[in-house]
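Presented below is the structure to which this report refers.
The values are calculated or read from the model by the stated rules, or taken from the named source; none is laboratory data. Bear in mind that the values here come from a model prediction, so they are computed numbers and not experimental data. Because the Cβ atoms are built from the backbone with ideal geometry, glycine has one as well, and the counts that use them run over all protein chains shown. The protein model used for the area step is the full one, side chains on, heavy atoms only, and it has no ligands, DNA or RNA in it. Shrake-Rupley method; radii C 1.70, N 1.55, O 1.52, S 1.80 Å.
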Protein chains: 2
Amino acid sequence: MSKTIKGFSKLSKSAKIDWLATNFTHDPISFKETLSSYWNSDKVIQQLHDEFIENTISNYYLPYGIAPNFIINGEPLAIPMATEESSVVAAASLVAKFWSTRGGFKAKVLSTEKTGQIHFFYTGAFEDLQSYFESNKQRLLDSTNDLTHNMRKRGGGIQAIQLIDKTNELANYYQLHLSFETIDSMGANFINSCLERIASQFKKEDIEIVMSILSNYVPNCLVRAEVHCPIDELGKDGRAFAEKFNQAVQIAHIEPLRAVTHNKGIMNGIDAVVIATGNDFRAIEAGAHAYASKDGKYRSLTHCSIDDETFRFWIDVPLSLGTVGGLTTSHPLAKLSLKILQNPTAKKLMEIVAVAGLAQNFAAIKALITTGIQKGHMKMHLQNILNQLGATDVEKTQISNLFKETTISHSSVMTALKKLRSMS
Amino acid sequence: MSKTIKGFSKLSKSAKIDWLATNFTHDPISFKETLSSYWNSDKVIQQLHDEFIENTISNYYLPYGIAPNFIINGEPLAIPMATEESSVVAAASLVAKFWSTRGGFKAKVLSTEKTGQIHFFYTGAFEDLQSYFESNKQRLLDSTNDLTHNMRKRGGGIQAIQLIDKTNELANYYQLHLSFETIDSMGANFINSCLERIASQFKKEDIEIVMSILSNYVPNCLVRAEVHCPIDELGKDGRAFAEKFNQAVQIAHIEPLRAVTHNKGIMNGIDAVVIATGNDFRAIEAGAHAYASKDGKYRSLTHCSIDDETFRFWIDVPLSLGTVGGLTTSHPLAKLSLKILQNPTAKKLMEIVAVAGLAQNFAAIKALITTGIQKGHMKMHLQNILNQLGATDVEKTQISNLFKETTISHSSVMTALKKLRSMS
């Protein structure tokens with residue numbers, strides 16, 4: 001028995017699981033049963049998923065749900081979401097419905113620039129570097145021709161290359177800063193390949209290249225989504241609601257403790273669509289939160305105004321997304337998600353995802369300023385608690401009725417279930 | 001045919017899918033086949049997953065893999081990771097192995113405080129508010145006794161309550177700021193329930209409560225993970241490697257365009273464990289990125305030093321995690337992940353997750369400053385491209401051999417496969 005191992009990645013899947021079961025569990029048989037109960041019965045499908053990463057031993061299920069009734073720029077859409085958080089799809093559906101009779105969502109891509117940098121140190125004279133760069137600029141760009149060929153055919157490619165002096169921040173530190181248009185692909189592999197190629201051609205004495213890599217900070221790959229309507233269409237006490245809503249957004253602009261949670265709620269909606277469409281949610285998260293901190297203080301990504309009796313609520317968020325390449329075309333459910341969304345371009349997907357974020361934030365603020373967040377959340381979570389406690393379908397119905405107006409907590413549900421069972 | 005619908009959530013799963021297939025696809029039959037090919041053949045398991053969220057129509061697979069050979073505070077662990085990114089588990093495994101012969105990882109929880117706020121406006125005199133707060137403080141805390149009972153038994157609960165004057169930032173804006181110890185639970189439901197209860201008891205003329213909600217900004221729920229070794233143990237050119245590595249980390253401290261991507265790579269490792277253990281990755285992402293921007297400029301979460309011939313690399317990251325409650329105990333694979341990790345406390349899970357982030361960052365920087373990021377990444381991604389192109393097992397082997405030393409791109413692989421097929 002050994003808890004470390006050589007050559008693990010070369011073992012077969014079952015040998016990997018055996019090693020794990022023997023060395024890290026006390027119940028190897030039930031351990032293996034649980035793992036294999038999540039395998040797909042179709043071996044071809046399973047092999048596809050096994051090969052996405054290294055050392056795959058099973059499939060982690062994220063619930064895949066549908067939020068219908070989104071009207072985006074006049075087009076009705078049902079949005080697929082992959083999320084484990086119980087209230088996200090329910091909230092999205094409610095808000096989609098609410099705005100569907102108030103003009104729906106408007107969304108617009110403001111920019112699509114992506115960037116990458118070759119980070120290097122240089123100890124010589126700046127003029128020499130500058131003249132080397134200027135006289136070799138075209139050669140550097142041309143060196144990527146085989147890599148950019150297809151992208152250029154689709155209207156994208158490298159848009160610009162600049163030499164940037166960063167020596168006032170770190171001694172001898174410079175960048176080649178490139179901007180890219182990657183059309184319908186997220187572009188990470190494309191950008192990194194171009195950067196590495198150029199770096200390999202950027203050779204001069206006193207230049208030491210540190211690294212070449214895209215940036216996930218994409219403030220110029222920006223989309224805006226919004227809703228607006230006359231205040232009196234917001235409900236029977238429309239003005240009071242609008243004003244309180246506006247206060248909640250204002251608080252998220254000046255108080256980071258609130259802003260972080262406020263934006264976290266936005267990302268609940270955004271990530272669910274990002275994952276469902278096979279995109280990289282870490283890239284999206286990093287870009288969005290960094291954007292939220294861009295003026296030196298962490299702030300809300302959404303904005304609210306009340307002018308001339310009109311309530312307006314919008315989000316500006318950087319989203320680097322793809323609808324071709326990567327998992328978007330190789331994960332069957334990611335492909336299916338894009339199909340449900342009518343096979344959007346990357347720009348259209350940016351609009352849809354921004355809308356999902358805005359909708360989620362609207363739902364959260366609406367709940368927070370009226371009933372409180374716990375009511376809706378725990379209502380959804382009640383089923384999970386009941387499943388955990390092994391409640392039968394009959395018990396589930398009885399307990400759900402019981403908790404319609406009562407505060408739900410794990411222990412209160414447990415007590416109620418015990419009581420119910422002792423009575424029967 | 002209608003692309004909007006009433007009462008969708010009340011439809012049966014198959015009626016939901018029928019509506020979707022009819023109104024949003026051109027091939028309803030194959031659409032339904034794809035969706036159902038991802039259902040679990042065990043109806044009990046499937047129902048459990050269906051009930052986690054609303055409108056569930058299938059299971060979105062994230063590959064679930066194992067990175068072995070982590071030594072954390074002397075204990076060997078195999079870390080379960082759920083991620084779609086092809087290189088994450090491979091990178092984690094390589095780095096775990098590398099450090100396993102150099103003392104392993106050290107990790108330490110620095111603090112475990114969580115907070116929540118009741119945000120309110122108040123238009124009266126501050127002294128009146130203050131005296132109302134002071135004389136009612138105990139009553140407010142006592143009002144949560146039924147909610148905090150179990151948590152107090154385990155050593156947690158509400159730690160403090162403060163009245164905070166924010167009127168210099170927003171007119172009439174104040175907070176009740178509470179801090180919590182939630183032991184082994186992430187605590188979101190607990191904190192929100194306590195806050196809502198206290199808010200319902202905090203009643204005085206001129207007080208208007210806006211909302212009550214936990215904060216996902218948790219700078220005082222912090223963990224540190226680190227590796228260190230003598231420079232000459234880093235490899236045959238240890239000093240040059242250490243210095244270049246240090247440069248790369250320095251760049252991520254002063255250049256946000258790099259810092260965002262640098263931290264994104266850290267989150268690749270962190271989120272994979274967070275998801276595998278049933279925790280909420282949006283909360284973790286929001287807290288980590290906001291922490292990275294805490295001094296007014298977005299910076300690296302990891303740090304590096306070279307002192308007295310010792311290379312040291314560490315991360316400080318806020319992580320609010322649970323090992324009880326929520327999905328951690330209701331998702332069978334989350335439970336299994338915790339079992340593989342030897343059923344850790346929340347504090348121990350914080351250490352493991354921080355190590356996973358540090359390891360991923362080490363792998364990324366090592367690749368970036370030596371071979372470049374694309375080599376390892378595309379090697380893993382090659383299988384995905386080949387699967388997408390419908391390559392047979394024989395073709396996969398041949399193409400993989402062909403691309404051992406060549407730049408991999410989607411189009412170069414496609415060309416090679418075409419050529420291979422035309423020759424056979």
Quiz item: So A:Gln162 clears everything in (1) out of contact with any helix residue (DSSP H, G or I) (no Cβ under 6 Å at 6 or more places or on another chain); (2) free of Cβ contacts under 8 Å to residues at least 12 places away in the same chain; (3) not small (Gly, Ala, Ser) except one condition, right? Which one?
Solution: (2)
Exercise. Mind counting the residues in the range A:301-310 that are open to solvent by 10 Å² or more (accessible area, probe 1.4 Å) and in contact (Cβ under 8 Å) with a residue 12 or more places away in the chain?
Key: 6
Quiz item: Is there a residue being open to solvent by 40 Å² or more (accessible area, probe 1.4 Å), under 25 Å from the mean Cα position of the chain (by Cα) and within 22 Å of A:Pro318 (Cα to Cα) anywhere in the range A:163-183?
Solution: yes
Exercise. State which residue is surrounded by the most Cβ atoms within 10 Å (Cβ to Cβ) when the search covers only the range A:90-101 and only residues that are at the interface with another protein chain (Cβ under 8 Å from one of its Cβ atoms) and either in contact with a helix residue (DSSP H, G or I) (Cβ under 7 Å, 6 or more places away or on another chain) or under 30 Å from B:Val274 (Cα atoms) (or both).
Key: A:Ser93
Practice problem: Sort through A:Leu321, A:Leu333, A:Leu358, A:Leu349 and tell me the only one that's within 11 Å of chain B (Cβ to nearest Cβ) and aliphatic (A, V, I, L, M). | Solution: A:Leu333
Practice problem: Determine the pairs where a residue that is closer than 14 Å to B:Arg421 by Cβ, located within the range B:394-405, has a partner that is open to solvent by 90 Å² or more (accessible area, probe 1.4 Å) with Cβ atoms under 8 Å apart, the partner being 6 or more residues away or on another chain. | Solution: B:Glu395/B:Arg421
Exercise. Starting from residues that are within 23 Å of the chain's Cα centre (by Cα) and not in a helix (DSSP H, G or I), keep the ones in the range B:339-386 and report whichever is surrounded by the fewest Cβ atoms within 10 Å (Cβ to Cβ).
Key: B:Asn343
Quiz prompt | Residues satisfying the stated conditions in the range B:387-411, i.e. surrounded by 17 or more Cβ atoms within 10 Å (Cβ to Cβ), under 26 Å from B:Val95 (Cα atoms) and more than 9 Å from chain A (Cβ to nearest Cβ) | solution = B:Phe403
Exercise. Among the numbered conditions (1) modelled with pLDDT under 95; (2) in contact with a Leu (Cβ under 7 Å, 6 or more places away or on another chain); (3) farther than 30 Å from A:His377 by Cβ, tell me where B:Phe311 comes up short.
Key: (1)
Quiz prompt | So A:Ile213, is it in contact (Cβ under 8 Å) with a residue 24 or more places away in the chain, farther than 19 Å from A:Asp307 by Cβ, touching a Ser or Thr at 6+ places or on another chain (Cβ under 9 Å) and not small (Gly, Ala, Ser) | solution = yes
Quiz prompt | Residues that are touching a residue at least 24 places away in the same chain (Cβ under 8 Å) and open to solvent by 20 Å² or more (accessible area, probe 1.4 Å), drawn from the range A:23-73 | solution = A:Ile45, A:Leu48, A:Asp50, A:Glu54, A:Ile71, A:Asn73
Quiz item: Are any of the residues in the range A:312-320 touching a Pro at 6+ places or on another chain (Cβ under 6 Å) and either closer than 28 Å to A:Leu234 by Cα or not in a helix (DSSP H, G or I) (or both)?
Solution: yes
Quiz item: If A:Cys229 passes every condition in (1) closer than 30 Å to A:Pro344 by Cβ; (2) under 26 Å from the mean Cα position of the chain (by Cα) but one, which one does it miss?
Solution: (2)
Exercise. Could you tell me whether B:Ala242 is in contact with a strand residue (DSSP E or B) (Cβ under 9 Å, 6 or more places away or on another chain), closer than 20 Å to A:Phe120 by Cα, open to solvent by less than 10 Å² (accessible area, probe 1.4 Å) and in the same structural domain as B:Gly74 (by TED's automatic domain parsing)?
Key: yes
Quiz item: Wholly within the range A:3-89, which helices (runs of 4 or more DSSP H) include no fewer than the required count, namely at least 1 residues that are touching a Gly at 6+ places or on another chain (Cβ under 9 Å), more than 7 Å from chain B (Cβ to nearest Cβ) and farther than 23 Å from B:Ser400 by Cα?
Solution: none
Quiz prompt | Identity of the residue in the range B:106-159, more than 14 Å from chain A (Cβ to nearest Cβ) and hydroxyl-bearing (Ser, Thr, Tyr), that ends up surrounded by the fewest Cβ atoms within 10 Å (Cβ to Cβ) | solution = B:Ser135
Quiz prompt | Pairs with Cβ under 7 Å, 6+ apart, first in the range A:119-132 and of a type outside the set (A, V, I, L, M), second at pLDDT 95 or above and assigned to a helix (DSSP H, G or I) | solution = A:His119/B:Ile251; A:His119/B:Arg258; A:Phe121/B:Gln247; A:Tyr122/A:Leu129
Exercise. May I ask you to list the residues in the range B:12-23 that are within 33 Å of the chain's Cα centre (by Cα) and within 19 Å of A:Ala96 (Cα to Cα)?
Key: B:Lys16, B:Ile17, B:Leu20
Practice problem: Assess whether A:Ile270 counts as being crowded, with 24+ Cβ neighbours inside 10 Å and touching a helix residue (DSSP H, G or I) at 6+ places or on another chain (Cβ under 6 Å). | Solution: yes
Quiz item: Inside the range A:351-389, can you point out the residues that are charged (D, E, K, R) and either in contact with a Cys (Cβ under 7 Å, 6 or more places away or on another chain) or at pLDDT 85 or above (or both)?
Solution: A:Glu351, A:Lys366
Quiz item: If you take just the helices (runs of 4 or more DSSP H) that sit entirely in the range B:186-295, which of them hold at least 2 residues that are within 28 Å of A:Gly116 (Cβ to Cβ) and either at pLDDT 95 or above or more than 9 Å from chain A (Cβ to nearest Cβ) (or both)?
Solution: B:238-254, B:256-276, B:281-292
